[in-house]
Amino acid sequence: MVCGCKATTKLGIATTCGVLFVSLGVALIFIFKELIHNQIKEKIPITPTSDTLKAWKNPPADIYLQFWVFDVKNPYEVVHYGEPPVVVEKGPYTYREEMPKIKVHFYDNHTVSFQQPKTLIFDRSRSVGSDKDNFTSINILYLTAASFFRFEYSILQKFLNDFLELFKESLYTQYTVHDILWGLKHDTILEFIHSFAAQHNISLNLTDFGLFTNGSTDGTYTIFNGQGNINNFNIINKWDGVRYKLYCNF
């Protein structure tokens with residue numbers, strides 16, 4: 001009978017301890033959740049005195065963009081005999097991207113505005129070669145000129161054709177990787193298009209042709225800084241002074 005009482009006592013103690021540990025675990029979950037949430041509300045918002053302001057303005061993590069090009073090896077055969085292009089992939093050509101936030105202004109309604117110019121810096125150590133490497137590809141400006149004149153009088157089209165032959169322009173041309181990314185500034189066709197547009201009073205803001213422009217921005221963003229409501233953090237409020245609206249098409 002004594003052994004039975006001892007077993008019952010031990011079972012009761014074990015059950016009580018188990019309940020206490022489970023209760024403590026559940027309580028700690030809610031306590032830690034609240035502590036973490038309070039830390040987030042304290043640390044995440046961007047303010048003039050916040051610890052995260054410096055990292056927000058100049059992110060410490062490096063961002064890289066990599067580019068590959070396709071080098072056409074048989075342009076003559078493609079143009080004159082209609083053969084399919086034979087291409088060789090060249091790359092990667094790697095650029096490190098810098099996007100610091102500038103012109104930062106804080107407002108009383110828990111928003112902050114800024115601009116973010118983008119600068120790409122060539123990283124030779126992560127690239128297959130120099131960004132001055134040559135490759136053969138479609139002559140984009142040649143096609144642009146042809147498209148520009150496609151509805152003009154036949155005499156003007158013939159003039160364009162003679163002009164292109166005079167300067168030995170073809171459907172394919174050689175670029176450097178730098179050219180295609182940052183622009184062709186002194187191209188014969190580009191100068192001709194500008195001259196033709198000026199003679200016909202056509203406004204054409206095309207001084208060079210390239211995919212990127214270093215130091216350019218896409219406007220002034222105004223975002224919620226997370227104060228007051230952490231769920232609004234980094235949500236766009238305005239772009240270039242115009243209130244941002246989310247449109248959904250179904």
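Name the single residue that is farthest from V104 (Cα to Cα) among those in region 62-78 being among the hydrophobic types (A, V, I, L, M, F, W, C) and open to solvent by less than 70 Å² (accessible area, probe 1.4 Å). Only one residue tops the list, namely V78. Condition test on G228, is it touching a His at 6+ places or on another chain (Cβ under 6 Å), modelled with pLDDT of 70 or more and exposed (fewer than 15 other Cβ atoms within 10 Å of the Cβ)? Judged against the criteria, G228 is a match. Counting only residues that are open to solvent by 20 Å² or more (accessible area, probe 1.4 Å) and assigned to a loop (DSSP other than H, G, I, E, B), region 128-150 holds 5 of them. Residues that are part of a strand (DSSP E or B), open to solvent by less than 60 Å² (accessible area, probe 1.4 Å), of a type outside the set (S, T, N, Q) and at pLDDT 95 or above: does region 98-111 have at least one? Within region 98-111, one or more residues are part of a strand (DSSP E or B), open to solvent by less than 60 Å² (accessible area, probe 1.4 Å), of a type outside the set (S, T, N, Q) and at pLDDT 95 or above. With respect to the conditions (1) within 25 Å of S216 (Cβ to Cβ); (2) under 23 Å from the mean Cα position of the chain (by Cα); (3) of a type outside the set (A, V, I, L, M), S137 falls short on a single one, namely (2).
The values are calculated or read from the model by the stated rules, or taken from the named source; none is laboratory data. Everything numeric here is computed off the predicted structure, so don't read it as measured data. Please note: Cβ atoms are built from the backbone with ideal geometry, for glycine as well, and neighbour counts cover all protein chains shown. Note: accessible area is taken over every heavy atom of the protein model, side chains too, but ligands, DNA and RNA are not part of it. Shrake-Rupley method; radii C 1.70, N 1.55, O 1.52, S 1.80 Å.
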